[in-house]
Amino acid sequence: MKTRILSLFLLICSCSATYAQSPIKVEEDSLGVYNIDIIFENLHAFYERLNRGEATPEDLTALSWFSHSSVDTLTIKKTFTDKGAENRLTVQVLNPCICSDEMDFEDYRVNGLFNAISAHIENEKYTDSLLYYNPHVAMSLIDLREKEIIFKTVARKTAAIIPFSYCGNADMDITISYILFYDRKKYLIHINYRSRHEGFEDYHLYDNLDEKLKELPTKLKKAFTEILKETTADKYITQ
């Protein structure tokens, strides 16, 4: 098993020189141990290629193995009404973050080799999906919370808004990501927040919303901006 994992790492690394700005090599140290930081750097480049739609045949081979090595899956299902029709929303996270104040530290899961979120929406006349591979698998597995999913009426149409954060998201700067479905279109947006204090609390928006939300329809952009400004980012912090 260990040999197979390392061979996949080397397979991923062999593709990095083509797509990354500079080649990254995985080398053993004097004891024959692979540098874990460099492994995660190559995983980051690997998942970024997948998200850009630039996967090589070797990438797809590695992805097939990684996806079958998933520990578990978090699935959330919701129904909502849009323009008088019932819609079904299914959100799944492969290898989700497991971390809470009620747990013993040894039971935490914040690292992994594979982590992804998918969202699927359907009704009798329409279906669409969005898949995002998390490139930051080191100490940052996806943290999805059912109670944070909201449905917002905007210009007589319903927007499905799915926020998710990341395990260990305790730093001066944090990111909250959002999947949006609205008017038969889908969006993935990453919003940055910054703490006003060193104690990792009292976070405020620290991003250019005009730039980040430029692809949204005007009325959705206005409504979503209001949601972002009302969001208490502190609730997403896991330490």
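Of the residues making up segment 204-223, those that are free of Cβ contacts under 8 Å to residues at least 60 places away in the same chain, part of a helix (DSSP H, G or I) and over 13 Å from Tyr178 (Cβ atoms) number 4. Give the residue, chosen from Lys185, Lys157, Lys214, Lys221, that is in the same structural domain as Tyr132 (by TED's automatic domain parsing) and surrounded by 16 or more Cβ atoms within 10 Å (Cβ to Cβ). Of Lys185, Lys157, Lys214, Lys221, the one residue that is in the same structural domain as Tyr132 (by TED's automatic domain parsing) and surrounded by 16 or more Cβ atoms within 10 Å (Cβ to Cβ) is Lys221.
Residue-by-condition table, conditions (1) at pLDDT below 85; (2) surrounded by 15 or more Cβ atoms within 10 Å (Cβ to Cβ); (3) within 16 Å of the chain's Cα centre (by Cα); (4) aliphatic (A, V, I, L, M):
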position	(1), (2), (3), (4)
Arg49	no, yes, yes, no
Leu60	no, no, no, yes
His68	yes, no, no, no
Thr79	no, no, no, no
Lys83	no, no, no, no
Gln92	no, yes, yes, no
Ile98	yes, yes, yes, yes
Phe114	no, yes, yes, no
Ser118	no, yes, yes, no
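The values are calculated or read from the model by the stated rules, or taken from the named source; none is laboratory data. Just so we're clear, the structure is a prediction, and the values are computed from it rather than from any experiment. Glycine also receives a Cβ, built like all others from the backbone with ideal geometry; neighbour counts cover every protein chain displayed.
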